[in-house]
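The block underneath contains the structure these notes are about, expressed in structure tokens.
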Amino acid sequence: MGSVGVLRNTTMVCVPLMSHSVEQMVSDMYQAKVEGADLVELRLDCLKEFNHQQDLQTLLRRKPLPVAVVYRPKWEGGLYEGDENSRLEALLLAKDLGAEYVDFELQVAYDIMEKRKFSQQKSCKIIVSCFVDGVTSLKEDLSHLITRMQSTGADIIKLVTSATDITELSRIFHLLSHCQVPLIAYSTGERGLISQLLGPKFGGVLVYGSIEGNLVPGLPTLASLREAYGVEHIDADTKVFGLISKPVSHSKGPLLHNPTFRHVGYNGVYVPMFVDDLKQFFNVYESPDFAGYSVGIPYKEAVMEFCDEIHPLAKSIGAVNTIVKRLSDGKLVGYNTDCEASITAIEDALKARGLVNGEASLPSPLTGKQFVLVGAGGAGRALSFGAKSRGARVTVFDIDYDRAKLLALAVSGEARPFEELTKFQPEKGAILANATPIGMHPSKDRIPVAEETLRDYSVVFDAVYTPRKTTLLKDAESAGSIIVSGVEMFLRQAVGQFNLFTGGKAPEEFMREIVLSKF
């Protein structure tokens with residue numbers, strides 16, 4: 001395993017402060033320092049009634065950590081609409097008053113840098129920035145833009161884009177790796193998140209994060225950068241793993257996998273990947289650096305097309321939730337760790353309550369029981385094949401009746417139309433498993449079955465793990481059923497994934513402690 005533990009990159013963690021008052025901005029600077037920021041970006045254009053002669057002195061005299069001063073005009077995506085000369089005067093004053101970094105837009109940088117001869121004054125670093133709406137330009141076009149920015153004589157250059165697809169971020173990673181001048185480059189929004197998180201791997205100067213109570217849309221919190229992602233440990237050799245899903249913001253995988261990587265000394269990072277097009281994604285991210293993936297909604301079945309090899313269990317289930325890029329030849333190998341994770345969680349819950357079949361010779365407490373499955377997607381397929389392997393009788397409901405029938409046929413079960421679910425009367429002692437997003441944040445109040453039928457189920461399992469105890473589980477517990485949270489399945493399948501990702505043995509107790517404390 002690659003070693004980890006010492007700090008290996010020089011990437012700084014920066015907090016953009018968009019406070020409306022000088023006093024609040026000063027307070028936010030101190031909070032950012034406490035939470036672990038290396039520097040803050042002071043967005044002067046967000047201040048109300050800003051007097052640059054007076055307020056800059058206050059801000060820079062009271063700063064507890066290095067600052068980058070930004071006064072963004074409306075024409076470059078900021079809020080400032082006043083006189084341009086006054087804006088530039090404020091930025092020049094910030095430099096003279098001791099700001100460590102001052103940001104000028106590319107449009108004004110040539111003139112400013114030529115007139116002021118900043119290259120001779122090294123106490124303040126000059127950042128030249130540019131915002132590009134989209135990354136649909138060719139690599140060569142972005143490279144030309146970077147060359148223009150470098151020619152200004154800037155100490156640091158900054159490129160911000162608004163990617164519409166995660167595959168566009170590969171251009172940013174290429175620029176970060178090859179730029180001759182220190183570069184800040186990232187893309188905004190959920191699809192652009194990994195451009196922030198993986199910046200340290202490719203040589204980015206800054207990673208941006210937000211402080212508690214002042215969250216910035218599209219930015220991770222300082223706490224998650226430090227504690228979940230451990231950005232200070234990421235370097236060029238770090239292997240990248242991630243969750244391929246849509247949506248992806250609900251994922252708690254980074255909270256579990258990243259601390260565990262560090263715990264065992266493995267040089268890896270696990271990030272959420274908002275993927276719109278599987279084919280494009282796998283075509284673009286072919287590098288060995290992208291070493292493996294978890295697969296979530298809605299791709300567990302569709303992703304099989306892009307695997308070079310599929311483990312027999314995953315092939316029989318017809319769903320893959322884990323992909324590993326084999327070191328020897330770069331082939332993508334698909335696995336399913338959901339199946340055993342979900343079924344053993346249900347079995348163990350029954351055993352713990354002593355609700356096992358009377359005959360000791362039966363192989364499983366599920367043997368002979370009716371197993372009511374809601375959802376015939378990837379997670380549902382894993383559950384149904386696991387239930388069948390234990391001798392349960394599977395009844396499948398899915399909004400797509402044809403899909404339900406196909407799954408029922410594969411597990412020698414029964415398919416029922418989804419419309420019948422609210423009136424369906426299960427056998428006494430049956431098991432209910434929800435494998436749909438019903439009940440997931442933000443639609444937390446919905447349950448897939450009629451509440452009055454819950455008393456007939458001995459066990460109710462919910463694959464949804466955000467929130468930890470869903471409305472379905474709360475109602476089932478009130479009705480007297482044993483409940484099994486999706487968190488338990490998540491933990492068990494993650495243990496299996498970790499083993500596949502690293503080639504080692506996962507520290508199960510360490511991972512369980514994280515789940516119990518963080519989920």
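The values are calculated or read from the model by the stated rules, or taken from the named source; none is laboratory data. Just so you know, these numbers come straight off a predicted model, no measurement behind them. So basically every Cβ, Gly included, is an ideal-geometry build from the backbone, and we count neighbours across all protein chains shown. With ligands, DNA and RNA removed, areas are computed over all heavy atoms of the protein, side chains included. Shrake-Rupley method; radii C 1.70, N 1.55, O 1.52, S 1.80 Å.
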Note down the nm distance, to one decimal, between modelled labels 7 Å out along Cα→Cβ at residue 53 and at residue 237. 5.7
Relative to the longest principal axis of the chain, what angle (0 to 90°, nearest 10) does the C-alpha long axis of helix 22-34 take? 60
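Once the Cα gyration tensor of segment 25-114 is found, what semi-axes does its equivalent ellipsoid get, as square roots of 5 times the eigenvalues, in whole Å, sorted largest first?
Details: eigenvalues 96, 37, 33 Å².
Largest first, segment 25-114 gives 22, 14, 13 Å.
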Separation between the residue 505 and residue 517 pseudo-spin-labels, each 7 Å from Cα along Cα→Cβ, expressed in nm? 2.3
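Which FRET efficiency value, to the nearest 0.05, do you get for residue 212 and residue 21 by plugging their Cβ-Cβ distance into 1/(1 + (r/R0)^6) with R0 = 22 Å?
Using R0 = 22 Å, I get an efficiency of 0.70.
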Euclidean distance of C-alpha centroids, segment 8-85 and segment 162-200, integer Å: 23
Which value does Rg/Rh take for segment 272-397 over its C-alpha atoms, Rh per Kirkwood? 1.07
Just to make sure I understand: if all protein chains stay in place, what is the order of 113, 273 by accessible area at 1.4 Å, largest first? 113, 273
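Sort 504-513, 384-393 by the packing proxy (mean of other Cβ within 10 Å over each peptide's residues), most packed first. Spell out each step's value before the answer.
Working: 504-513: 13.8, 384-393: 22.6.
Final packing ranking: 384-393, 504-513.
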What does the extension gain come out to for residue 326 and residue 427, with contour length at 0.36 nm per residue minus their alpha carbon separation? 31.8 nm
How many percent of the alpha carbon pairs in segment 154-288 exceed a separation of 19 Å? 49
Helix 508-518: inclination vs the chain longest Cα principal axis, degrees, rounded to 10, gives 70
Over the C-alpha atoms of segment 451-519, what are the Rg and the largest Cα-to-Cα span, Dmax, in Å? 14.5, 47
Just to verify a number: FRET efficiency for residue 306 and residue 151, C-beta to C-beta distance, R0 = 45 Å, to 0.05? 0.60
Roughly how many Å² is the accessible area per residue of the chain, as a whole number, for a 1.4 Å probe? 42
Residue 250 accessible area, nearest 10 Å², 1.4 Å probe? 40
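How large is the charge dipole for the chain, taken about the Cα centre, if only the Cβ atoms of Lys, Arg (+1) and Asp, Glu (-1) carry charge, to the nearest 20 debye?
Values: 55 positive and 63 negative charges, 195 e Å.
Using Cβ point charges on Lys, Arg, Asp and Glu, the chain gives about 940 debye.
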Debye log10 I(q)/I(0) for the chain, one point scatterer per Cα, at q = 0.08, 0.13 Å⁻¹: -0.59, -1.17
Crossing angle, helix 84-96 versus the chain [Cα axis fit, 0-90 degrees, rounded to tens]: 90
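Can you send over the carbon and sulfur percentage of the accessible area for the chain, probe radius 1.4 Å, protein chains only? Numbers along the way, then the final one.
Working: 11010 of 21840 Å².
About 50 percent, which is the carbon plus sulfur part of the accessible surface.
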